1. If I stretch the segment between residue 89 and residue 111 completely, what's the gain in nm (0.36 nm per residue apart, minus their alpha carbon distance), one decimal?
2. About the Cα centre, and with charges only on the beta carbon of Lys, Arg (+1) and Asp, Glu (-1), how big is the dipole of the chain? Nearest 20 debye, please.
3. What does the extension gain come out to for residue 2 and residue 52, with contour length at 0.36 nm per residue minus their alpha carbon separation?
4. Scan the chain and note any complete DSSP helix (H) whose C-alpha atoms cover at least 15 Å along its axis and whose Kyte-Doolittle average is -0.5 or more.
5. Residue 203 to residue 225: FRET efficiency via 1/(1 + (r/R0)^6), r the Cβ-Cβ distance, R0 35 Å, to the nearest 0.05?
6. Mind checking which of 75, 48, 28 has the largest fluctuation in a GNM of the chain, springs on alpha carbons under 10 Å?
7. Evaluate the relative contact order of the chain (contact order divided by residue number), counting alpha-carbon pairs under 8 angstrom at least 6 apart; express in whole percent.
8. Using packing as a proxy for protection, rank 214-220, 4-10 so that the peptide with the highest average count of other Cβ atoms within 10 Å comes first.
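Here, each number is a calculation from the coordinates, and none is a lab measurement. Being a predicted model, the structure only gives us computed values, none of them experimental. Don't worry about glycine lacking a Cβ; one is built from the backbone with ideal geometry, like all the others, and counts go over all protein chains shown.
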Amino acid sequence: MKIVVDTHTHSVSSGHAYSTVQEMAREAPSNGIEMFAVTDHGPAMLGAPSYYHFGNLKILPDVIYGVRIVRGVEANIIEYTGKVDMPDEYLRRLDFAMASFHEICIAPSTVENHTNAVINVLKNPLIDAVAHPGNPQFQIDIEKVVLAAKEYNKLIEINNHSFVVRTGSEKNCKEIARKCKEYGVRIICGSDSHISFDIGKFDKVYKIFEEVDMPEDLVLNTSVEKVEQYLRDRKKRIDSLL
C-alpha cells in the first residue's frame, strides 16, 4: 500500500504552522505525495484565519509544481450539538471539509457527548470527515461513530501526528481501523503536517494498517483518482441541497 494523497495539512495561515502553500507543494513530491488538501484551522482556533481566508481559497491554482491542490478546512467542533465554527455558505465553497475537537475550542466532556457531537458532524452534508477521532481526551464510542460514518457515507481519519501529540491515541486508532475494516467504512490519512517537510509522513499510519491488515480499497489516499471521484460525489451531494 502506498499513500499518495495527504488530506490533512496546515499552512502558515493556521497561525502555528510554518510553510506557505507554495513551499508545501514544492516539498510534497519528495515524500511521494501527488495531491494534498490545505486544511487550515477554522476561526475558533487561536491564531487561525477569518472566514474571508476560506472564501478566497478559490484563487489557489488546481496544480502547483505538478501537485494537485485541494481547498479545504479543519473546522472546529464548538458545541456538543455538533456545531462547527464555519458557516454553511463557506463550507459549500470548499472542495473538502473535516471537523475535529480541540481543547482550546471546546472543553472535553463525556463519552456520550463526544460521540453525539461526532455523529451529528458526520450527519452534516457539508462535512466530509472527522479528523483525529482517536484522541483519548475526547473519547468516543468507536463502534457508534464508525457505523454513523457508514450510514452517512462519510470518512474517518487516521492521523499520523496524533501518535506524537495526542498521547494514548494509538490504541483508539487501531480499534477505529479495525471497525472500519469490519463495516467497510472508508478511511482517509492525514499527516497533520505543520511544516512542509512533514507532508506525506505516514510511518505510524502504515504500522496500524499492517497490524490490522487494512484493505487498500478502503483507504482513499492510495489514489488521486479515488480522491477526485470522492470530490466529484461531494459536489453532487452539496449541489443537491440547493
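1. Working: separation 22, 0.36 × 22 = 7.92 nm, distance 3.04 nm.
Extra length from residue 89 to residue 111 when fully extended: 4.9 nm.
2. Numbers: 28 positive and 34 negative charges, 77 e Å.
That gives a dipole near 360 debye.
3. On the way: separation 50, 0.36 × 50 = 18.00 nm, distance 3.54 nm.
So the chain would gain 14.5 nm between residue 2 and residue 52.
4. Details: long enough: 111-123 (18 Å, 0.07); 169-183 (21 Å, -1.66); 224-239 (22 Å, -1.71).
Membrane-span-like by this criterion, though nothing is claimed about a membrane: 111-123.
5. Details: r = 25 Å, r/R0 = 0.70.
Once rounded, the FRET efficiency stands at 0.90.
6. Looking only at 75, 48, 28, the largest GNM fluctuation is found for 48.
7. Numbers: 522 pairs, mean separation 53.8, N = 242.
22 percent.
8. Values: 214-220: 16.4, 4-10: 27.0.
In decreasing order of mean packing, 214-220, 4-10 become 4-10, 214-220.
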